[in-house]
Amino acid sequence: MKVFKTVSSLQNYLTKIDKNKTLGFIPTMGALHDGHISIVKRAKKENDFIIVSIFVNPTQFDKQQDLKNYPNKLEHDLELLKVENCDIVFTPVANEIYTNNIKPDSFDFDGLDKVMEGAFRKGHFDGVGTIVKKLFEIIKPNTAYFGEKDFQQLQIIKKMVARYNLPVQIVPCVIYREEDGLAMSSRNTHLTDDQRKSAPLIYQTLLKCKELFLEKEIDIVKKFVKNELENNKILKLEYFEIADTEYLISNSFKNKNKKYRAFIAVFAGTVRLIDNIALN
Ligand code: AMP
């Protein structure tokens with residue numbers, strides 16, 4: 001497994017790869033868990049070579065404290081990736097990527113970035129678009145893998161790829177969960193024991209919501225979720241939305257021709273957890 005810290009050393013190596021071989025790319029912020037590793041395994045099966053980036057991107061954090069607290073487990077991450085026979089790891093520092101100008105570009109994502117995560121984390125998706133576009137330009141992968149855990153991010157990346165005609169195929173990957181249903185996340189390590197015990201309520205509520213959605217109006221499903229979370233003393237609901245998967249527009253009425261997903265963000269103390277589920 002080759003590990004590169006600089007753009008020039010990485011690109012120098014990539015030029016030596018046979019142009020007929022496929023390169024699959026998995027962008028991450030490190031503190032890898034089984035969710036990340038499930039994507040690595042899939043990419044490994046579907047490509048001749050794979051590259052994982054580990055980079056905690058400063059421009060996508062709206063709160064400096066959140067950036068400062070983001071877990072860093074580089075040595076452990078490298079060990080995990082070695083076990084998976086990962087071919088290349090890219091672990092740059094911020095100045096290597098942003099050349100001393102750590103600012104996001106601004107994007108037009110046709111409103112996909114204005115709701116949910118975008119509404120509660122100002123500038124987040126400009127930061128995501130900036131880093132993913134830069135990494136695509138540096139690495140030039142054939143395929144890039146993104147988890148449905150961050151479904152809004154996935155749709156925004158697809159929009160960016162279409163808009164800029166980027167020559168990369170985006171591969172969505174299913175959400176990987178703990179046995180009790182909690183979606184795996186690097187942030188889960190910050191949960192106290194009590195918060196961790198309460199956290200599976202998020203997915204349990206989403207599952208009930210999926211059942212209810214088939215029979216009831218959207219507003220009733222929303223009230224149900226609000227109630228479930230209000231009855232829990234440890235979790236605090238930030239938002240719950242039911243939106244179509246293409247435009248991410250919340251609506252009170254169901255259109256039988258559209259696919260819907262439920263999206264939720266919850267605080268357990270200062271730890272912010274997100275999850276989502278396909279409804280139909
Ligand atoms: P992150 O390191 O949190 O930026 O995540 C890197 C990639 O892994 C993103 O495409 C995430 O959507 C994906 N990912 C994170 N957690 C999970 C999970 N539990 N299941 C599947 N994919 C995930």
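The values are calculated or read from the model by the stated rules, or taken from the named source; none is laboratory data. Remember, it's a predicted structure, so these values are computed and weren't measured experimentally. Please note: Cβ atoms are built from the backbone with ideal geometry, for glycine as well, and neighbour counts cover all protein chains shown.
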Q. On the given criteria, is residue 219 touching a residue at least 40 places away in the same chain (Cβ under 8 Å), more than 16 Å from the ligand (Cβ to nearest atom), surrounded by fewer than 18 Cβ atoms within 10 Å (Cβ to Cβ) and farther than 30 Å from residue 106 by Cβ?
A. no
Q) Looking at the stretch 5-18, is at least one residue of a type in the set (S, T, N, Q), in a loop (DSSP other than H, G, I, E, B) and more than 16 Å from the ligand (Cβ to nearest atom)? A) yes
(Q) Any residue in the stretch 137-160 that is within 23 Å of residue 45 (Cα to Cα) sitting within a Cβ distance under 9 Å of a residue that is among the hydroxyl-bearing types (Ser, Thr, Tyr) and near the ligand (Cβ under 9 Å from one of its atoms)? List the pairs, counting only those 6 or more apart or interchain. (A) 147/38; 147/176; 149/176; 149/185
Q: Return only the number of the condition from (1) surrounded by fewer than 19 Cβ atoms within 10 Å (Cβ to Cβ); (2) aliphatic (A, V, I, L, M); (3) within 7 Å of the ligand (Cβ to nearest atom) that residue 171 does not satisfy.
A: (3)
Q: For the stretch 133-143, state whether one or more residues are within 12 Å of the ligand (Cβ to nearest atom) and outside any helix (DSSP H, G or I).
A: no
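Within the stretch 203-226, is even one residue under 23 Å from residue 243 (Cβ atoms) and of a type in the set (Ser, Thr, Tyr)?
Taking the stretch 203-226 first, the residues under 23 Å from residue 243 (Cβ atoms) are 203-226.
Within this subset, residues satisfying the condition of being of a type in the set (Ser, Thr, Tyr) are 203, 205.
Within the stretch 203-226 (the criterion being under 23 Å from residue 243 (Cβ atoms) and of a type in the set (Ser, Thr, Tyr)), the answer is yes, since at least one residue qualifies.
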Q | Unique match (being away from the ligand (no atom under 12 Å from the Cβ) and either assigned to a helix (DSSP H, G or I) or of a type in the set (A, V, I, L, M) (or both)) among 154, 166 | A | 166
Q: Only residues in the stretch 170-186 that are farther than 18 Å from residue 272 by Cβ count as the first member; pair them with residues that are of a type in the set (D, E, K, R) and within 7 Å of the ligand (Cβ to nearest atom), Cβ under 7 angstrom, at least 6 apart or cross-chain, and list the lot.
A: 172/148; 173/148; 174/148
**Q.** Meets criteria (closer than 25 Å to residue 174 by Cα, in contact with a Leu (Cβ under 6 Å, 6 or more places away or on another chain) and within 16 Å of the ligand (Cβ to nearest atom)) for residue 90
**A.** yes
Q | Among (1) within 16 Å of the ligand (Cβ to nearest atom); (2) in contact with a Lys or Arg (Cβ under 6 Å, 6 or more places away or on another chain); (3) farther than 30 Å from residue 181 by Cβ, the one test that residue 48 misses | A | (1)
Q: Tell me which residues, restricted to the stretch 238-280, are closer than 17 Å to residue 115 by Cα and assigned to a loop (DSSP other than H, G, I, E, B).
A: 245, 246, 247, 248, 249, 251, 252
Q: Take residue 62 and decide whether it is part of a loop (DSSP other than H, G, I, E, B), away from the ligand (no atom under 12 Å from the Cβ) and under 25 Å from residue 191 (Cβ atoms).
A: yes
Q. Residue 109 passes all but one of (1) over 30 Å from residue 48 (Cβ atoms); (2) in a helix (DSSP H, G or I); (3) under 17 Å from the mean Cα position of the chain (by Cα); (4) more than 14 Å from the ligand (Cβ to nearest atom); which number fails?
A. (2)
Q: Scan the stretch 19-41 for residues that are at pLDDT 95 or above and more than 10 Å from the ligand (Cβ to nearest atom) and jot them down.
A: 20, 21, 22, 23, 24, 25, 41
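Quick one: would you say residue 133 is closer than 22 Å to residue 4 by Cα and among the charged types (D, E, K, R)?
So residue 133 passes the test.
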